[in-house]
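Let me begin by presenting the structure, written as structure tokens, before commenting on it.
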Amino acid sequence: MFHEHAAPVGDDPALGYKKKVGVRMFFVYGAFYVGFIAVNLIKPAVMERIVLYGLDLAVVYGFGLILSAVLFALVYNRLCTRMERRLNSPGTPGTPPGASPASDDGGH
């Protein structure tokens, strides 16, 4: 079945900003992840060391990867929402007359 967008979709003036932020975050997270893989490949015994509250480095690093991904998602959402509001606010050049600022509810 063909599904259409729930709301009309137009040009996104913040698209360039979103791409730039997303790519930068991807590379930062990628470097963190490559570190995890490198330690596992080069010196796997290091991952067995107890580092925090009786947990070994593998568990702590793994949870660090998960939590950093969630943190990056929250930061990305905040930065992009702020930019969308700025670009869609009335009086911004290129904003059609009568346009209202973007809502923060994700379209719901």
**Message:** Take the conditions in a helix (DSSP H, G or I) and out of contact with any strand residue (DSSP E or B) (no Cβ under 6 Å at 6 or more places or on another chain) and apply them to V51. Does it pass?
**Reply:** no
**Long-range neighbours under 8 Å by Cβ, at least six apart or interchain, first residue in contact (Cβ under 8 Å) with a residue 12 or more places away in the chain within region 64-78, second of a type in the set (V, I, T) and surrounded by 14 or more Cβ atoms within 10 Å (Cβ to Cβ)** = Y76/V21
**Fill in**
Within region 1-25, the residues that are in a loop (DSSP other than H, G, I, E, B) and either under 27 Å from A58 (Cα atoms) or of a type in the set (D, E) (or both) are E4, D11, D12
**Request:** Return the only residue of V28, V39 being touching a helix residue (DSSP H, G or I) at 6+ places or on another chain (Cβ under 7 Å), of a type in the set (V, I, T) and assigned to a helix (DSSP H, G or I).
**Result:** V39
**Asked** For region 70-108, what are the residues that are within 14 Å of D12 (Cα to Cα), of a type outside the set (S, T, N, Q), modelled with pLDDT of 50 or more and surrounded by 10 or more Cβ atoms within 10 Å (Cβ to Cβ)?
**Response** C80, R82, M83, E84, R85, R86, L87
**Fill in**
Selection from region 29-54 of residues within 25 Å of L71 (Cα to Cα) and surrounded by 12 or more Cβ atoms within 10 Å (Cβ to Cβ) yields Y29, F32, Y33, G35, F36, V39, N40, M47, V51
**Prompt:** For the subset of region 1-24 comprising residues that are among the β-branched types (V, I, T) and either at pLDDT 75 or above or closer than 14 Å to R82 by Cβ (or both), which member is surrounded by the most Cβ atoms within 10 Å (Cβ to Cβ)?
**Reply:** V21
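The values are calculated or read from the model by the stated rules, or taken from the named source; none is laboratory data. The shown structure was predicted, so the numbers you read here are calculated from the model rather than taken from an experiment. Cβ: placed from backbone, ideal geometry, glycine included. Neighbour counts: every protein chain shown.
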